[in-house]
Amino acid sequence: MCDAMQKSKTFQRKKIVIFFWGCTMIITLLTIRLGYLMIYRADHYKELATDLHERERSIKAARGKIIDTNGQVLADNKTVCTISVIHSQIEDAQKVIEVLHKELGMDIETLTQKVNKVSSREKIKTNVEKEIGDKIRNYKLAGVKVDEDYKRYYPYDTFASKVLGFTGSDNQGIIGLEVKYEEYLQGQNGIILTLTDAKGVELAYAGERRKEAIPGNNLRVSLDKNIQQYAAQVAEKVCEKKGATSVEVIVMRPQNGEILAMVNVPEFHLNDPYTLLEETNGELTSEEKQNRLNQMWRNMCINDTYEPGSTFKIFTATAGFESGVVTFQDAFSCPGFRTVEDRRIRCHKTSGHGSESFLQGLMNSCNPVFIDVGARVGVDNFYKYMEQFGLLSKTGIDLPGEAATIMHKKENVGPVELATMSFGQSFQITPIQLATTVSTIINGGTRITPHFGVQIEDSEGNVVKRFTYKETKGVVSEETVEKMRYGLEQVVAEGGGNKAYIPGYHIGGKTATSQTLPRGSGKYIASFIGFAPANEPQILAMVVIHNPQGIYYGGTIAAPVVKELFSNILPYLGLEPEYSEEEQKTYDIGEFDMPNYLGMEKEEALSKLKEAGMEVELQGEGNRVKEQFPLAGEQVKQKNRVILWLESVE
């Protein structure tokens, strides 16, 4: 019994010892853990504690501006406000609802839900005009926050809408240059940090910490505001006159690919991009509306393809010269059609052109002549030159969504397909692809990359990055270039493109009239591509008119558009007319000194011009004359016309 009692006491002592050492170990481990948390993890938990008592609001960065080649701002920022409420800080919810209803015009029910919602921060409305935001701030309502923000603003609204693009509610680019150059235009957002107590109420004595936003850089582009505006005017005029569904105009420098204007009529409103241009019958589903918006935003110069028609004969002629299968003196015969295998392919002149040289065939835009030249070139060479000229790949233009050429597979091309391809049918390309290919042929044989982006600048105008673009030299021989320049000048001087002729200027070009698919729809595309001066091209312009009503021939309705465009922009670019003796006699042109209108009020200048019996063309918006052409005191020959550029002066 004594042994049993002794064993029991020993066991109890062991339990106590084990318990003691267990507690000691636990305390030791807890102490070590506490020391680790307090010493080694102190910064981490301090940060968590701070986060728990800090409330964060973002400061949006100002987006970089988009600036034209002359420094005109095309995309800017407008200061707006974001109104929000913090539920835990609101003292008089009813007063807050009443004030926001009065100033923002929002319905009571929506405001009540937002104001009474238990959340760390509830946005009431964004993009509020600054004046209204300031009024709300002056009420000094507890729990109501008014933060200044930036909204993208486009001073000219519809100007180059499908090129510039627009931004979303988060100020990020959606389409166009806005999204293409997002990485440069976007800035770095800042933050505002305020301390709160455990209930989330801001501590009045603590103030706030701010990390200021860093604005984005500016993008300088090759677009010229004056040329873009005038191109838009002539496009709108022909669109309305001919009842066309759409019109595209491209103006570019063929030597380096800089695009001075790109017009897509109808343009949409950049400051209201989610409102459809056309009226709708009945309600649209969200999907239907989005589809229509996507269509409205499409840049048809690069996003859509079409059958180029006879403007593509420029390529066929070039391929013929390059492969040595044709000369301007070669004789052809046109009875009004050409039979290829079992298919009779008509010429636009159904009675035929009769006997003609290749130069005459180019001037007459004769399909049978080009069918014969295409057959001489052959399928292998035809595709070789298309590859060499870059027609089978994209141009690489700095806009999103460029479409690729839709072409037959080489192995599927027979005599009929080659024949139709030779005069620009049975395949599709984009307008920018055709403009780039023609530029390659007339600029000396260098395949250029069409582009808008010139350089990135900081807010002080210092260059941060200058863009360079791929060029491929030697695509066309110099001999062929000279032939094509000469031949295309004859098309305008005496051929089917004569309605683009301007006295004093050497202009080359080519007309086209193509039928939209499906055949027999009765819908056509009229187009013209021209360049000047023909012997040393400095500027290229292209117009495409979709579904014109009535007369639809490219030479009749598209060539005059380029003529009107060139009549204004060639002098503006400093390309002066040089009249031949015959032109001076024909158009009764004499020399005289141009008066000075610089600095005059608009109305005074117009009055003096009217008294002098002169024709005037106004460019830009404003009340004072900033520039004029011809220049004051300059000896000029076309004495009845002057162009004035206006500016606003307060």
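The values are calculated or read from the model by the stated rules, or taken from the named source; none is laboratory data. Remember, it's a predicted structure, so these values are computed and weren't measured experimentally. With ideal geometry, Cβ positions are generated from the backbone for all residues, glycine too; neighbour counts draw on all protein chains shown.
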Exercise for the section: Look through region 54-77, keep the residues that are out of contact with any Pro (no Cβ under 6 Å at 6 or more places or on another chain) and modelled with pLDDT under 90, and return whichever of them is farthest from Arg253 (Cα to Cα). Expected result: Glu54
Handout entry: Residue selected from region 475-506 under the condition of a type in the set (A, V, I, L, M, F, W, C) and not in a helix (DSSP H, G or I), by the criterion nearest to Phe566 (Cα to Cα)
Key = Ile502
Exercise for the section: For region 298-308, indicate whether the set of residues that are touching a residue at least 24 places away in the same chain (Cβ under 8 Å), on the phi > 0 side of the Ramachandran plot and either aliphatic (A, V, I, L, M) or surrounded by 15 or more Cβ atoms within 10 Å (Cβ to Cβ) (or both) is non-empty. Expected result: no
Handout entry: Boolean, Gly622 is of a type in the set (Gly, Ala, Ser) and over 24 Å from Gln233 (Cβ atoms)
Key = no
Completion exercise
Reported set for region 61-76 where residues are of a type in the set (Asp, Glu) and closer than 9 Å to Arg220 by Cβ is Asp68
Exercise for the section: For region 591-622, enumerate the residues that are closer than 26 Å to Leu565 by Cβ and among the polar types (S, T, N, Q). Expected result: Gln619
Exercise for the section: Being basic (Lys, Arg) and either within 13 Å of the chain's Cα centre (by Cα) or assigned to a helix (DSSP H, G or I) (or both) is the filter; apply it to region 230-266 and report the residue that is farthest from Pro571 (Cα to Cα). Expected result: Lys242
Completion exercise
Expected single match for at pLDDT below 95 and under 30 Å from Gly550 (Cα atoms) among Glu278, Glu248 is Glu278
Practice task
Taking the options Phe328, Phe321, name whichever one is outside any loop (DSSP other than H, G, I, E, B) and either assigned by TED's automatic domain parsing to the domain that holds Ile397 or of a type in the set (A, V, I, L, M, F, W, C) (or both).
Solution key: Phe321
Handout entry: Tabulated pairs, region 87-109, first in contact (Cβ under 8 Å) with a residue 40 or more places away in the chain, second surrounded by fewer than 13 Cβ atoms within 10 Å (Cβ to Cβ) and not basic (Lys, Arg), C-beta under 7 angstrom, 6+ apart or interchain
Key = His87/Val118; His87/Ser119
Exercise for the section: Select from region 485-533 the residues that are acidic (Asp, Glu) and closer than 22 Å to Pro571 by Cα and list them in ascending order. Expected result: Glu489
Completion exercise
region 564-650: strands (runs of 3 or more DSSP E) wholly inside it with 3 or more residues that are surrounded by 14 or more Cβ atoms within 10 Å (Cβ to Cβ) and either touching a residue at least 40 places away in the same chain (Cβ under 8 Å) or more than 35 Å from the chain's Cα centre (by Cα) (or both) are 641-647
Handout entry: Enumeration of residues in region 507-550 that are assigned to a strand (DSSP E or B) and basic (Lys, Arg)
Key = Lys510
Fill in the blank from the handout: Residue hits (region 126-148; crowded, with 21+ Cβ neighbours inside 10 Å and of a type in the set (D, E, K, R)) are Lys145
Exercise for the section: Evaluate region 384-401: report whether one residue or more is on the phi > 0 side of the Ramachandran plot, in a loop (DSSP other than H, G, I, E, B) and touching a strand residue (DSSP E or B) at 6+ places or on another chain (Cβ under 9 Å). Expected result: yes
Handout entry: Residues being closer than 15 Å to Glu98 by Cβ, aliphatic (A, V, I, L, M) and over 40 Å from the mean Cα position of the chain (by Cα) - total across region 113-152
Key = 3
